[in-house]
Amino acid sequence: SSGRSSAPSSASSSVPGESIVARLGGDEFALLLPALGDKSDAVETAWRVVEACNQPFIINGNSWQCSASVGLSFFPDDARSAELLQKNADLAMYCAKRTARGTVVRFEELPSAKAEPALPGKQATGPNVLTSALSLPLSIA
């Protein structure tokens, strides 16, 4: 075995089994967490993802490390459509990236946060969405 691991696979192993992990593009991923008991479960999952991403991983014998900045948005409290839910999670994530990398920010914590009416289009089907951004590489050991 080459001992090869990656940040996305480490992060995805940190989320509940019924969750969906998807790459949105570049260094951005979305985690859909449909079966959580409450918001504290989502926050706990987000911190597990951050911690998993902070673990070094090996590619071709080189040790790499990255960080995750996580934004949380909750259905139906923060948005009533899938599009707005993702947008609000993105806003929280960008706030997390500006504030301190390797942290978790909930949309409801933002000064401008307020529940907006649903946008036309697809309705969100799960209670929670977590969006995270990974920045690679931050350091080479």
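The values are calculated or read from the model by the stated rules, or taken from the named source; none is laboratory data. Note that the structure is a prediction, hence the values are computed from the model and not measured. Side chains are part of the model used for accessible areas, which takes the heavy atoms of the whole protein and leaves out ligands, DNA and RNA. Shrake-Rupley method; radii C 1.70, N 1.55, O 1.52, S 1.80 Å.
Work the Kirkwood hydrodynamic radius out for segment 12-83: mean of 1/r over every pair of different alpha-carbon atoms, inverted, in Å.
Taking the inverse mean of 1/r over all distinct Cα pairs, segment 12-83 comes out at 13.7 Å.
Taking a probe of 1.4 angstrom, what is the accessible area of L91 in Å², to the nearest 10?
80 Å²
Where the eigenvalues come from the Cα gyration tensor of segment 54-97, what are the semi-axes √(5λ) of the equivalent ellipsoid, largest first, in whole Å?
Listed largest to smallest, the semi-axes of segment 54-97 are 32, 10, 7 Å.
If I compute solvent accessible area with a 1.4 Å probe over the protein chains, what percent of it on segment 23-86 is carbon and sulfur?
That fraction is 50 percent.
Accessible area, 1.4 Å probe, largest first: how do E109, E83 sort?
Ranking E109, E83 by accessible area, largest first, yields E109, E83.
With every protein chain in place, what's the accessible area of C95 (1.4 Å probe, Å², nearest 10)?
My reading of the accessible area for C95 is about 30 Å².
To the nearest 10 Å², what's R48's accessible area with a 1.4 Å probe?
Rounded to the nearest 10, that gives 90 Å².
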